[in-house]
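Below is one structure; the comments refer to it alone.
The values are calculated or read from the model by the stated rules, or taken from the named source; none is laboratory data. Predicted model, so just to flag it, every value in this text is computed and none were measured. Cβ placement follows ideal geometry from the backbone for every residue including glycine, while neighbour counts extend to all protein chains displayed. Remember, those area values only see protein heavy atoms, side chains included, never the ligands or the DNA or RNA. Shrake-Rupley method; radii C 1.70, N 1.55, O 1.52, S 1.80 Å.
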Amino acid sequence: MSVDWAWKQADIIAKDPATHGSTFIPVILGSNKMTVSVATGQNNFYLLYLSIGNVHNNVWRAHRDALVLIGFLTMPKTMKEYADMNKFRRFQCQLFHSSLSIILQSLKPGMTTPEVM
């Protein structure tokens, strides 16, 4: 995402009289893989984090609640001989993306129609 793109989005929002006084706030998602082996049989979990894009740099560096955990996803395992099959990989990707879609569903109305709060 470039600054030019963000300015263009803000200009689009500013042209609509119904949204005067609103601010363009990008949503940033992050995920990392965590393997837990104690009492779980080597399961992989994906932690899903959310932040907003207008947080100042010094807040990020100080870790002052700029990041929130919104999901704790687990991926199914399979036997070793099936782990490299394209069908299983596709299933895992679809499961991950479907989970993201459901988790972020509450943000969709604000993405399609700007909200003044």
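Descriptive notes on the structure:
- A search for C-beta distances below 6 Å between a residue of the stretch 90-114 that is farther than 19 Å from Pro26 by Cα and any residue that is surrounded by 14 or more Cβ atoms within 10 Å (Cβ to Cβ), counting only pairs 6+ apart in sequence or on different chains, returns Gln92/Met75; Ser99/Leu73.
- Test: residue in the stretch 34-45 that is at pLDDT below 85, within 21 Å of Gln92 (Cα to Cα), open to solvent by 60 Å² or more (accessible area, probe 1.4 Å) and in contact with a Phe, Trp or Tyr (Cβ under 7 Å, 6 or more places away or on another chain): yes
- Criterion violated by Asp65 - all others in (1) in contact with a helix residue (DSSP H, G or I) (Cβ under 9 Å, 6 or more places away or on another chain); (2) surrounded by 10 or more Cβ atoms within 10 Å (Cβ to Cβ) satisfied: (2)
- Residues of the stretch 66-117 that are farther than 30 Å from Ile13 by Cβ, outside any helix (DSSP H, G or I) and modelled with pLDDT of 85 or more: Phe72, Leu73.
- Of everything listed in (1) part of a loop (DSSP other than H, G, I, E, B); (2) surrounded by 10 or more Cβ atoms within 10 Å (Cβ to Cβ); (3) acidic (Asp, Glu), the single unmet condition for Asp11 is (1).
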